Amino acid sequence: MATETLTGAQALIRSLELLGVDTVFGLPGGAILPTYDPLMDSKKLRHILVRHEQGAGHAAEGYAAASGRVG
């Protein structure tokens, strides 16, 4: 039985998918940049681009409050 090798970024995105997350908020750049390749390949996750890191947190909180889902 072969074991699939995943990068940390791939494991993160796969975990979010398995947990039922469908929307993520973020700003590409710096240390998080490698995560954007598997994120953009995902058919289950939608990315909402924000202009500021704090804005991502506020947007995710508002999304969660309005929808009842993790954002």
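So if a site counts as exposed when it's one of the trypsin sites (Lys or Arg not before Pro), its DSSP state isn't H, G, I, E or B, and it has at most 10 other Cβ atoms within 10 Å, what's the longest stretch of the chain without one?
By the stated rule (loop sites, at most 10 other Cβ atoms within 10 Å), 1-42.
Which whole-number percent is the relative contact order of the chain (Cα, under 8 Å, 6+ apart)?
34 percent
Compute the helix-to-body angle for 8-18: its Cα long axis versus the longest principal axis of the chain, expressed 0 to 90° and rounded to tens.
70 degrees
List the residues, sorted by chain then number, that are 5 or more residues from PHE25 or on another chain and whose placed amide H is less than 5 Å from its amide H.
Answer set, sorted by chain and number: ILE48.
Pull out a ≥ b ≥ c, the square roots of the eigenvalues of the alpha-carbon gyration tensor of the chain, then state rounded if a/c is under 1.5, prolate if not and a/b is larger than b/c, and oblate in the remaining case.
oblate
Where a number appears in this text, it was derived from the coordinates with a stated rule and is not lab data. Bear in mind the structure is a predicted one, so any value in this text is a computation, not a measurement. Positions of Cβ are generated from backbone atoms using ideal geometry, with glycine treated the same way; all protein chains shown enter the neighbour counts.
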